[in-house]
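Take a look at the structure set out below.
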Amino acid sequence: MITIVKVQFHTAEKLYDFNAGGLDLSPGDRVIVETDRGRSMAIVATKPAQIPDELAPESMKSILRKANQADLEAAERNTAREKETFAFCQAKIAERNLEMKLVKVEYVYDGSKAIFYFTADGRIDFRDLVKDLAHQFHTRIEMRQIGVRDEAKLVGGIGICGRELCCSSFLRDFAPVSVKMAKEQNLALNPTKISGQCGRLLCCLGYEFDTYCELRKGLPKCGKHVKCGKAEGEVIKVSTLGRNFTVRTPDSREVLLTPDDLKDEGVSESSPAAQTGEQGAPAAEPQQKQYQKQGQPRQQRQPKQRPPKQGQHGQQSQPQQQVSPQPPKPRPEEQQKDEKEKQGGGGRRRNRHRNRQGGKGKPDKAKETP
């Protein structure tokens with residue numbers, strides 16, 4: 001069994017698993033851990049837990065020790081040094097007219113590297129700026145470009161609700177937020193009301209989105225025409241949290257209904273344009289489709305009558321008759337003669353074939369159509 005704990009390097013950031021070993025740790029303790037970039041100071045986020053050796057990650061690092069008084073004093077010195085570095089970097093950015101905004105400066109635990117977080121619209125050529133910083137502070141310089149949401153997470157602040165920003169207090173991952181979430185909760189689509197400190201949509205719009213979608217089931221939309229035993233009219237108001245809606249009847253009365261009323265009394269929900277009494281729409285058409293699905297025979301379609309075609313001699317050909325099992329009736333001699341003339345004189349390919357054979361080809365017999 002291995003004892004592991006989850007630690008974070010900053011508040012409301014991603015959690016990492018570390019091997020606690022035999023240390024007695026509790027949430028909030030500061031520890032010194034070994035990372036790929038060297039030693040760093042972290043904060044314990046959860047209580048130690050034991051897991052089997054097979055479930056432990058392969059490349060899991062170990063916690064070296066708890067942070068002592070010397071480690072805490074070194075962290076305070078780094079914090080004071082970060083303020084001086086921040087002011088110097090801002091002055092150099094203004095001096096070189098770089099279109100970038102410096103957000104935060106952070107020193108690692110041992111002070112061997114300084115990380116500069118900044119925001120910009122595009123790519124920035126900060127090679128000269130890095131040279132100035134390295135010459136001034138004699139340490140490794142790393143520039144990281146971040147987004148507006150990450151900026152709000154690092155800076156922090158107070159939201160429109162009067163509480164600390166979710167991203168800087170407890171929200172570890174940014175979930176996608178859309179305007180559809182605001183529409184589903186019947187919020188005013190005012191950018192100043194549904195946007196946060198970062199200028200993007202509020203992260204809290206997604207907290208209750210699934211609940212609103214669940215409560216909306218069974219409720220009609222505004223503008224629908226509802227007909228039931230109690231009332232008949234247009235839906236003018238829908239209360240998602242109250243699970244009810246208001247219907248305005250033709251005599252200007254307002255009736256409050258619930259989804260249970262629709263289920264109990266067999267409501268017919270439709271739009272006003274779909275009423276059969278107003279526009280005279282055929283009501284038997286859906287019933288005919290229903291009979292077809294149940295396997296009932298449907299009426300035989302009548303063949304379409306095409307216009308008669310002109311023959312070679314200017315005569316109109318007879319329309320093709322339906323095939324019937326009755327024996328064919330004898331036709332007049334004149335009609336049979338016309339059919340022979342049509343079949344004998346209408347094929348050019350047949351005449352060419354006869355000429356190549358020296359006229360020995362036998363003429364095809366005229367086929368009588370039943």
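Decide, for the range 153-213, between rounded, prolate and oblate: order the square roots of the alpha carbon gyration tensor eigenvalues as a ≥ b ≥ c, take rounded if a/c falls under 1.5, and otherwise choose prolate if a/b is larger than b/c, else oblate. Here the range 153-213 falls in the prolate category. In percent, rounded to a whole number, the relative contact order of the range 44-164 is 19, using alpha-carbon pairs under 8 Å and six or more apart. Let's test the formula: R0 of 41 Å, r as the Cβ-Cβ distance of ASP24 and CYS161. What FRET efficiency results, to the nearest 0.05? About 0.60, to the nearest 0.05.
About the centre of its Cα atoms, the range 153-213 shows a dipole size close to 180 debye [charges on the beta carbon of Lys, Arg (+1) and Asp, Glu (-1) only; nearest 20 debye].
With R₀ set to 35 Å, the beta-carbon distance separating ARG144 from ASN186 gives a calculated FRET efficiency near 0.30. The residue list THR85, THR119, TYR107 was ranked by how far each Cα lies along the charge dipole of the range 73-146 toward its positive end, using unit charges on Cβ atoms, and THR119 comes out on top.
Its Cα centre serving as origin, the range 1-75 has a Cβ charge dipole (Lys and Arg +1, Asp and Glu -1) of approximately 200 debye. For the range 73-146, lysine pairs with C-alpha atoms less than 18 angstrom apart, excluding pairs fewer than eight positions apart on the same chain, total 9.
In the range 1-30, whose amide N lies under 13 Å from the spot 7 Å out along Cα-to-Cβ of LYS66? List them in ranges. Zone members listed by number: 22-30. In this structure the amide hydrogen of ASP29, modeled in the peptide plane, comes within under 5 Å of the amide hydrogens of VAL44, none closer than 5 places in sequence on its chain. Take 199-206, 73-80, 49-56 and order them by the average number of nearby Cβ atoms within 10 Å per residue, most first; the result is 199-206, 73-80, 49-56.
Over the range 2-67, what is the relative contact order in percent, taking alpha-carbon pairs closer than 8 angstrom and at least six residues apart? Answer for the range 2-67 is 42 percent.
Straightening the chain between SER178 and LYS101 buys 25.0 nm, computed as 0.36 nm per residue apart minus the Cα-Cα spacing.
Each value in this text was obtained by applying a stated rule to the coordinates, not by laboratory testing. Not measured: the values here are computed from a predicted model. Virtual Cβ from ideal backbone geometry, glycine too; neighbours counted across all protein chains shown.
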